[in-house]
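See below for the structure under consideration.
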Amino acid sequence: MAALCVCLTASPVAACSQDDSAIDPDATPSSEQPVITAEAEAFSVAEEPLWVWDNETSPALISDVIFLDELALAFGGTSQFGKSEFSVVDAETGEPLWSMAELADIEGLDADFYSYSGLALIGEAGQELIVVSYYSPDCVSAPCPPSGQQSPETGIVALDLRTGEPQWTYAAIPSVDEVEEPKLAQEHRDSALHILAGHQETPLITIGPVMGLNGQQVADPELFRTVALSPETGEELWSAPAVIADRVVDDRLIALQPPQSVSGGRFTHGAGGPVAVDLTTGEQLWNASEQFPLAQLEGAGDGRAIFLDATQDSGAQYNVIDLADGALLHTIDDIASSPVMDPITGMIGYRSLESDDALTTLLPTESEPSTSGVEVDRETGTPEFAYDGYVFLYDHANNTTTVVDRSGTQHGPPLEGRVISVTEDHVVTQQGSAEDSSIVVYARAH
């Protein structure tokens, strides 16, 4: 079988070629694992990008772009402190329609806005809302919202995606001035909220101690709670105590239960015992926090999730958990690079210590990992992203991304920059870094 030859580049290039010997079994890395030699359907993008944002037209650190028919929502951080921003743009041209920076003067809402708490997109197609946090405008301390000083009312507001007009608000944390009991006032003063990012029907917010949400110190788990709100009215649907919302997979929320105590009084950012919550009712489906007391969610797809075991003192260990019941399916500790998980197929991809010059993958239907039949040289890059059966290898030295399937077959020349988002119809890359970065959006060729 001839090797695939698919051009995947930002500019016209000479016809690519690949010798048939590239998939010669003799080139297969030595391993007792099954060897994958089958090739996937060709992956390619148009040579010319749909649109480009340079450092003068976009926030510096876009983390994702969500495409919604004629519109796209680009969001990400704009500083080293993780501050979030967003812009609503024309999906075909990248022309900005409006952005978060314009919310300060929004009519009819007596509030100012901050975005350290994240943001989310909710609602049905054509009627999407953006959920972002707000605080009362009488804040007198800096930075806002203040920590340990004065706490004004803090909540979230849902804005129409197309106009920015507010639809409803939810007061998550009352002003300290409105809380009579001193102990409760202190708790509210030190509280913050976190909006679970992404595109989903139900907005989810975790409320709890500022330092705890930042993963900087251990706090009483009972001080945390995750709240689900009605996307139509903002009314509270249910509240799950002692959990921090992490990711929605299918019809359930994968959350973390903060640990009671750990060495040094600190726990890893985003780590805790995994818990599954029914997204409709808020009922707990399973709790694996005793078995995995300090786990960090790395990815999820096709009924499974992979967690980094943060209790390990030396060497990395990852646990693959069945999302149906929280049972342990696999333990992966032969790790030479952090694994990535394909949200579509559930495939896990990584470089193993035993076969560092190959790509190791594991599908939900397999009982053990498989090794690529085509050598994937270490200099090609590290697995950083996976989507629909493809793994995106990022080369930090050259700032390029190479697309391969699980057989190790390369799909075209490397892309410039880091791939940050892939959909059925688009590929988004970030080229450069910080103030010199640019966002490039390509249409996928079908």
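Filtered by the rule that a residue be open to solvent by 10 Å² or more (accessible area, probe 1.4 Å) and assigned to a loop (DSSP other than H, G, I, E, B), the range 340-355 gives PRO343, ILE344, THR345, LEU353, GLU354. Within the range 393-446, the set of residues being touching a helix residue (DSSP H, G or I) at 6+ places or on another chain (Cβ under 8 Å) and among the acidic types (Asp, Glu) comprises just one member, ASP395.
All told, GLU379 falls short of being in a loop (DSSP other than H, G, I, E, B) and not β-branched (Val, Ile, Thr). Being among the aliphatic types (A, V, I, L, M), part of a strand (DSSP E or B) and open to solvent by less than 40 Å² (accessible area, probe 1.4 Å) is a property that ALA358 lacks. The single residue among ALA300, ALA255, ALA240, ALA276 that is modelled with pLDDT of 90 or more, within 30 Å of LEU363 (Cβ to Cβ), in contact with a Gly (Cβ under 7 Å, 6 or more places away or on another chain) and crowded, with 21+ Cβ neighbours inside 10 Å turns out to be ALA276. Going by the conditions given, is ASP356 of a type in the set (D, E, K, R), modelled with pLDDT under 95 and either in contact with a helix residue (DSSP H, G or I) (Cβ under 9 Å, 6 or more places away or on another chain) or within 20 Å of GLN291 (Cβ to Cβ) (or both)? Yes; evaluated as a whole, the condition is true for this residue. When ASP313 is tested against (1) part of a loop (DSSP other than H, G, I, E, B); (2) touching a strand residue (DSSP E or B) at 6+ places or on another chain (Cβ under 8 Å), just one condition goes unmet, and that condition is (2). I'd like to check something: does the range 60-82 contain any residue that is modelled with pLDDT under 90, over 30 Å from LEU353 (Cα atoms) and in contact with a helix residue (DSSP H, G or I) (Cβ under 8 Å, 6 or more places away or on another chain)? There is at least one residue in the range 60-82 that is modelled with pLDDT under 90, over 30 Å from LEU353 (Cα atoms) and in contact with a helix residue (DSSP H, G or I) (Cβ under 8 Å, 6 or more places away or on another chain). In summary, GLY326 fulfils each of the numbered conditions (1) part of a strand (DSSP E or B); (2) surrounded by fewer than 21 Cβ atoms within 10 Å (Cβ to Cβ); (3) not β-branched (Val, Ile, Thr) with the single exception of condition (1). Only residues that are open to solvent by 60 Å² or more (accessible area, probe 1.4 Å) and within 20 Å of GLY272 (Cβ to Cβ) were counted in the range 312-323, giving 2.
The values are calculated or read from the model by the stated rules, or taken from the named source; none is laboratory data. Because the structure is a prediction, the values reported are computed rather than measured. When we count neighbours, we look across all protein chains shown, and the Cβ atoms used for this are built from the backbone with ideal geometry, even at glycine. Surface areas here come from the heavy atoms of the whole protein model, side chains and all, with no ligands, DNA or RNA. Shrake-Rupley method; radii C 1.70, N 1.55, O 1.52, S 1.80 Å.
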